[in-house]
1. Could you give the length gained by full extension between residue 269 and residue 249, i.e. 0.36 nm per residue of separation minus their alpha carbon distance, to one decimal place?
2. For residue 257, list long-range residues whose amide hydrogen, built 1.01 Å from N in the peptide plane, is under 5 Å from its own amide hydrogen.
3. So how long is each side of the stretch 15-62 along the principal axes, counting just the alpha-carbon atoms, biggest first, in Å?
4. Report ³J(HN,Hα) in whole Hz for each residue of the stretch 280-291, in order, from the Karplus equation J = 6.51 cos²θ - 1.76 cosθ + 1.60 where θ = phi - 60°; Gly and Pro get x.
5. Rounded to the nearest 20 Debye, what is the dipole magnitude of the stretch 15-62 about its Cα centre when Lys and Arg each give +1 and Asp and Glu each give -1 at the C-beta?
6. Using θ = phi - 60° and the Karplus relation 6.51 cos²θ - 1.76 cosθ + 1.60, list the HN-Hα couplings for the stretch 196-209 in order, rounded to whole Hz, with x at every Gly or Pro.
7. 5 Å is the cut-off here: which amide hydrogens, built 1.01 Å from N in the peptide plane, fall below it relative to residue 173, excluding neighbours closer than 5 in sequence?
8. With labels modelled as points extended 7 Å from the Cα through the Cβ direction, what inter-label distance (nm, one decimal) is found for residue 294 paired with residue 313?
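Here, each number is a calculation from the coordinates, and none is a lab measurement. It should be emphasised that the depicted structure is a prediction, and the values quoted were computed from it without experimental measurement. Reconstructed Cβ throughout: ideal geometry from the backbone, glycine too, with neighbour counts over all protein chains shown.
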Amino acid sequence: MERGGSGVPGGRRKQRVSMADVAKLAGVSSQTVSRVSNGHPGVIPATREQVLAAMRELGYRPNSAARALRYGQFNTIGVILFSLSSTGNSRTVEAIATHAAAEGYAITLIPIDVPTQDNVLGAFTRMGELAVDAVIVIMEIHLLDTGTVQLPPGVHVVVVDSDAGDRYSVVDTDQADGARQAVQHLLGLGHRTVWHVTGPQASFSGQRRAQAWRAVLEEAGRPVPPALYGDWSAESGYAAGLVLAETPDCTAVFAANDQMALGLLRAFHEHGLSVPHDVSVVGFDDTPDAAFFVPPLTTVHQDFAEVGHRCVQKVLQQIRSHGSGQPGTDLVPTRLVVRGSSAPPRG
């Protein structure tokens, strides 16, 4: 069967609609069409609607690549991160994408398997090739394999979850205050001390939470039990719970995230310990599932949506001002959500 080379009836090639075609139909100049395409504010509303109607009728699509080359802006934000598996990272990326879209920006995502200086610089190189206006880096700077990280100069950068506020514009949850609220809540219920299942030792957020846990106990003059190290997984929380279930004076535990708290709940249940009557448990994150644990989990709420929103706002400020952004850390407040997993100790 003979086919038309263009794939349209009769073999006729469909011609691309030009800006001049839109201008002719709308009865305006090509310059006016260009202004509407680029979102220029100096167009009369009635004229703008007239041009948009002509675009819709003709099926006109602006050439975004040519426009980017002309104006030096791609309306794309790159996101580099080490892992999408953690609750915090995935929900932060979701928030960044949502808020970027509301500002007319798309995101380009590049995950890094192994956190090394070369891999980070390679990711920035790829971002340059993909033509992005700025980069949001979701990583802990100190996890890299060099003492001092030097990100490429001239790149608009905002870092999430990092202790690099002296060098970069950083957005993070107030890790320390969240942990303080958790420990003070348990002490306020009457527990003599609070045990702690930490995040990974290399984690900045895990370190901040552990430091705050220890500081609250020391300030209150309470004994500081040895920390049990986890890796954010429910499995590691379960392993810690098996140890704590055999510790008679353990009446309260602060887990550095909700998944490890879930592991604790199972371990205590298997050992015949009732939560919260025998042991109180508090987590950190306030994941969507936390309210449906058995019992519902008392936890520290992180506002990942606000973290993502502030990241986008900061990076857009840099783009629009053509600046690099002021170093410093912008902390998003946390709040304790009290549910059924915490209560005064027996007796």
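1. That works out to 5.5 nm of additional length.
2. 284
3. 31, 16, 16
4. Each residue's phi maps through the Karplus curve to give 8, 10, 10, x, 8, 2, 6, 5, x, 7, 4, 6 Hz.
5. The calculated dipole for the stretch 15-62 is roughly 100 debye.
6. Values per residue, Gly and Pro as x: 9, 9, 8, x, x, 4, 7, 7, 4, 5, x, 5, 4, 5 Hz.
7. Under 5 Å from the amide H of residue 173: 161, 332.
8. It is 4.2 nm.
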